[in-house]
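In what follows, a single structure is set out as structure tokens and then discussed.
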Amino acid sequence: MAATDFLSTLGREFMVELDRHVDEVTRQDGYEVFSLALGEEPSVERLEHLDEDDYEALAQAAEDFFEDEAAREADFEEIVRSTLANYETD
């Protein structure tokens with residue numbers, strides 16, 4: 001799996017999930033929010049090991065990034081679930 005394919009999928013799932021909450025969301029916004037919240041570039045391995053604190057950090061990063069409180073932890077749980085569903089993992 002190429003990193004670009006993974007990031008493209010993550011961006012798409014981010015847009016799909018947050019489009020109903022946030023105006024003008026882009027794939028790049030997903031990369032920015034995940035990177036800000038996690039302190040590193042998002043990867044399959046990192047997403048597989050997210051915990052409650054990480055989901056709280058993602059919701060907070062989205063709030064800060066969009067200056068809007070619409071995104072919730074449950075939205076990020078769905079983004080991660082949908083993204084990881086596209087890849088085989090051990």
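Residues in the stretch 57-75 that are closer than 17 Å to residue 21 by Cβ and without any contact (Cβ under 8 Å) to a residue 40 or more places away in the chain: 12 in all.
Pairs linking a residue in the stretch 26-44 that is surrounded by 15 or more Cβ atoms within 10 Å (Cβ to Cβ) to a residue that is outside any helix (DSSP H, G or I), with Cβ atoms under 6 Å and 6 or more positions apart or on different chains, are 34/42; 44/87. Considered as a group, the residues in the stretch 1-24 that are in contact (Cβ under 8 Å) with a residue 40 or more places away in the chain and over 17 Å from residue 74 (Cα atoms) include one that is surrounded by the most Cβ atoms within 10 Å (Cβ to Cβ), and that residue is 9.
For the stretch 45-54, how many residues meet the condition of being without any contact (Cβ under 8 Å) to a residue 24 or more places away in the chain and surrounded by 13 or more Cβ atoms within 10 Å (Cβ to Cβ)?
2
Where a number appears in this text, it was derived from the coordinates with a stated rule and is not lab data. Since we're looking at a predicted model, the values are computed, not measured. Because the Cβ atoms are built from the backbone with ideal geometry, glycine has one as well, and the counts that use them run over all protein chains shown.
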